Amino acid sequence: MAQKKMGKQTWQFASPPVITSWASIVGPKEGEGPLGNYFDMILEKNMEKGDKSWEKSEQKLMQHSMELALEKDGMQPGELDFYLAGDLLNQIINANFTARFLGIPFFGLYGACSTLTEGLALGSALLDGGFADKVGISASSHHDTAERQLRYPTELGAQRPMTAQWTVTGAGSYVLKASGAGIRITQATVGKIKDLGVGNANDMGTAMAPAAFDTVKTHLEDMGRKTSDYDLIVTGDLGGVGLNVLKEMLRAEGFGVDNVSDCGVMIYRPDQDTHSGGSGCGCSAAVLTYLLHEMKQKKYRRILVVGTGALLSPTSAFQGESIPSIAHGVVLENY
Amino acid sequence: MESIIKAFLLGGILCVVGQLLMDMTPFNITPAHILVGYVTVGAVLSAAGLYQPLVDWGGAGATVPLSGFGHSLAQGAIEGVKNKGLLGALGGGLAATSVGIAAAVVFGLIAATFFNPKG
Amino acid sequence: MIEEIIQRYGQREKLRDAWAELNQQEKTRVLQEIQQDHQKILLMEAQADAKEKQKLLELRQKIEKQQQHLQQVDILMYKKRTKELAPRPTVLKNIILAFLVGGAICTVGQLITNLFTSGGMAAKEAGAATAAVLIFAGAFFTGLGIYDELGRVAGAGSIVPITGFANSIVSSAMEFKREGFVYGVGARLFTVAGPVIVYGTFISIFIGLVYYFVK
């Protein structure tokens, strides 16, 4: 009988791990957004001087964010027991290169935009299960590497529909420890893949909303809670369109939605012309550092972060398949 | 002056048709589909003798949009058949548009050499 | 065993029309039953001899189709539900901008053609020369990184004219330069523009052949 499993899909950690350090690095567009002051570093351009490709710049985003998080905690890479990381590129190549640099035992993750919460959940399980004392977790995305891989060449004059989202150029890294003081991860709910037939890669919010709804609902059922038991329930990157769908689905089942928001909606201002908002692994990875800051200020005491991933591939999109989606939730508490 | 106004009007209208197609069709009709449609429809109208009147009236307003490319392809094929028979059917279209395609290849390579994408 | 599976299949078929009204528990029960039958058939199929295999395969595929049909109902329900919530494209604004920008590009083309013909060029040559100049312009502005900004607001106004054709070629060439000049630029030059050339060539050959045999 699994001792730490609550209900159908939720883990209750016996000794909740602590997030002891974090850092985020973002591109210029994100730096100009409402959360600009909360990121550790803002790049001047999407590509660092001397980099031969955007992929190289994105890899550095992830690597430097992890190095910053370690430095803030007075640590060196070798002190981490395990590293969990992922990104949007084929074969998660940036995470692989970053792990190569860090030189520590590594689990590569692919959850698209749910990679960060997937990493936080798995990292916490490693710590709470006594398999590690300290783990590092990173996720990154880059607007231009995502565009050229999943959609069109970046200089192509194509017009984006109102449902489209803007892939965030950003990375977030986190150091988790089995013991210590600070904000803790108390529960994690592992998502199931949900697919209600949306095949439009320019409307991922609508594709992912059912997965987010399923995870939130199951989490609340597993824990016997209501939405009002949280100061904030925030999804990774449903965007404005997807957030509306999620709220409608929650309302229809009698859940309150006043405290439900989305990182993709928070990271850009409406006049930045991103249409439905931000998306990508970097979206939740970077915005979470803002949320942790707010938690340290005691603005929030318990939040549920639900990373949402659209698990399409370039091939599946061309073959007319729909977009399978997933959402992983973690509960962060500052008590 | 008159030719300018007519070119502006006809070109604008042909683009509006494309915009409506882009906005009103489901998401899996992409710009690439629409452009293939323009070339094909332009070629078919041209073969039926219906595109030349547009060119006569609107000049560049009919030749600059991609349907004009289809018009050149069709007329080229017909010319090819008149001059060279069956082989002309195969080569005529591409022969007539060869300048455009060659220009595209050359300028594409040059631009790739000297410019970098800015995202 | 098989008779029971066929019987259950038949009962589920009757539920198809009422699927949308079923509650979540009922739906879950039906889907689980489908999965159980599917697995049973699969095992029988794996262990059957050649004669039986075909029959079992057909039954299995019938069950799979049934599952897809039921999923399709859920998909359509979700589509209806979310259609209301989707933001509308700004059609009027898009049309006006497409008209203005497309018209402007064609006007520039007309000016260039007039320039060439007044300089003594024949009409046909002037047309080809104009096309070349516009392709150069599209390539140049793509290289400068401006054409995609234009495309963002102008939509079809920048995609439909031949400058858009140049933009699609040059943007692909620039983008994949990182992968080298042979496999990157060379192989991917026509990633976006390719279909236009392929189907343009095809339709021209078709028209040529029709013309040949009709005349």
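We did not get these values from a lab; they are worked out from the coordinates using the rules stated. Values in this document were obtained by computation on a predicted structure and should not be read as measured data. Note that each Cβ is placed from the backbone with ideal geometry, even for glycine, and that neighbours are counted across all protein chains shown.
Rounded, prolate or oblate: pick one for segment A:190-247, where a ≥ b ≥ c are the square roots of the eigenvalues of its C-alpha gyration tensor, a/c under 1.5 means rounded, and failing that, prolate if a/b is larger than b/c, else oblate. Please report the intermediate quantities before stating the final value.
Numbers: a/c = 3.00, a/b = 1.67, b/c = 1.79.
It comes out oblate by the Cα gyration axes.
Would segment C:2-83 count as rounded, prolate or oblate if I go by the C-alpha gyration tensor, calling it rounded below 1.5 in a/c and otherwise prolate when a/b exceeds b/c, oblate otherwise?
Prolate is the answer for segment C:2-83, as a/c is 1.5 or above and a/b outweighs b/c.
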Of all stretches in chain A that avoid GluC sites (Glu not before Pro) placed in a DSSP loop and having at most 11 other Cβ atoms within 10 Å, the longest is A:45-252
Treating only Lys and Arg (+1) and Asp and Glu (-1) as charged, each at its beta carbon, one finds that segment A:210-259 has a dipole about its Cα centre, in Debye to the nearest 20, of 100 debye
Out of B:G11, B:L90, B:V44 - ranked by how far each Cα lies towards the positive end of the dipole of chain B, with unit charges on the beta-carbon of charged residues - the top one is B:L90
If one compares the long axis through the Cα atoms of helix C:50-83 with the longest principal axis of the Cα atoms of chain C, the angle in degrees, nearest 10, works out at 60 degrees
Rounded to the nearest 10 degrees, the helix C:162-175 long axis (Cα) sits at an angle to the longest Cα principal axis of chain C of 70 degrees
Among the Cα-Cα pairs of the protein assembly as shown, the proportion with separation greater than 46 Å, in percent, is 31 percent
Counted neighbours (other Cβ, 10 Å), sorted fewest up, put B:W57, A:W22 in the order B:W57, A:W22
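Determine by what factor the alpha-carbon radius of gyration of chain A differs from 2.2 N^0.38 Å, reporting the quotient. Show your work: numbers first, answer last.
Details: Rg = 18.2 Å, N = 335, 2.2 N^0.38 = 20.0 Å.
Here the answer is 0.91, to two decimals.
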Quick shape check on segment C:91-214: root eigenvalues a ≥ b ≥ c of the Cα gyration tensor, a/c under 1.5 is rounded, otherwise prolate if a/b tops b/c, else oblate, and it reads rounded
With bins of 10 Å, the percent of all Cα-Cα pairs of segment A:5-177 per bin from 0 is 10, 37, 34, 15, 4, 0
Applied in sequence order to segment C:196-213, the curve 6.51 cos²θ - 1.76 cosθ + 1.60 (Karplus, θ = phi - 60°) yields integer Hz couplings, x standing for Gly and Pro, of 4, 6, 4, 6, x, 4, 4, 5, 5, 5, 4, 5, x, 5, 4, 4, 4, 7
Among A:T315, A:T235, A:T117, the residue with the largest mean-square fluctuation in a Gaussian network model of chain A built from Cα contacts under 10 Å is A:T315
Rounded to the nearest 5, the percent of antiparallel DSSP beta bridges in segment A:76-183 equals 45 percent
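What number, in percent, do you get for the relative contact order of chain B if the mean sequence gap of Cα pairs under 8 Å and at least 6 apart is divided by its residue count?
On the way: 125 pairs, mean separation 26.0, N = 119.
Computed value for chain B: 22 percent relative contact order.
Quick one: how many lysine pairs in segment C:58-215 have C-alpha atoms under 25 angstrom apart, if they're 8 or more apart or on different chains?
Going through segment C:58-215 pair by pair, I get 4.
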Flagged as over-length at 24 Å C-alpha distance, from A:K192/A:K299; A:K49/A:K296; A:K56/B:K118, the pairs are A:K192/A:K299; A:K49/A:K296
Charge dipole of segment C:2-83 built from unit charges on the beta carbon (Lys, Arg +1; Asp, Glu -1), centred at mean Cα; most positive-end Cα among C:L76, C:L31, C:Q54 is C:L76
One would report the antiparallel percent of DSSP beta bridges in chain A, rounded to the nearest 5, as 65 percent
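Could you grab the relative contact order for segment C:1-80? Cα pairs under 8 Å, six or more apart, rounded to a whole percent. Walk me through the numbers on the way to the answer.
Values: 29 pairs, mean separation 28.9, N = 80.
In percent, rounded to a whole number, it is 36.
Could you work out the relative contact order of chain A, using alpha carbon pairs under 8 angstrom and six or more residues apart, expressed as a whole percent?
Averaging sequence separation for qualifying contacts and normalising by length gives 25 percent for chain A.
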Straight-line reach check, B:K6, cutoff 16 Å on alpha carbons, 8 or more apart in-chain or any other chain, hits among aspartates and glutamates -> B:D56
Ranking C:I197, C:F136, C:M174 by how far each Cα lies towards the positive end of the charge dipole of chain C (+1 on Lys and Arg Cβ, -1 on Asp and Glu Cβ), the top one is C:F136
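Restricting to the protein assembly as shown, what percent of DSSP beta bridges are antiparallel, rounded to 5?
Details: 39 of 59 bridges.
Here the antiparallel bridges make up roughly 65 percent for the protein assembly as shown.
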Inter-chain shielding metric for A:160-171, i.e. average beta-carbon neighbours from other chains within 10 angstrom, reads 2
Expected vector for segment A:21-38, Karplus 3J(HN,Hα) from phi with 6.51, -1.76, 1.60 and θ = phi - 60°, integer Hz, x for Gly and Pro, equals 7, 7, 7, 9, 10, 10, x, x, 4, 5, x, 7, x, x, 9, x, 6, 9
The size of the Cβ-based charge dipole (Lys, Arg +1; Asp, Glu -1) of the protein assembly as shown about the Cα centre, to the nearest 20 debye, is 660 debye
Here the alpha-carbon Rg of chain B over 2.2 N^0.38 Å rounds to 1.22
So, for the Cα atoms of segment A:185-333, Rg and Dmax in Å stand at 14.8, 48
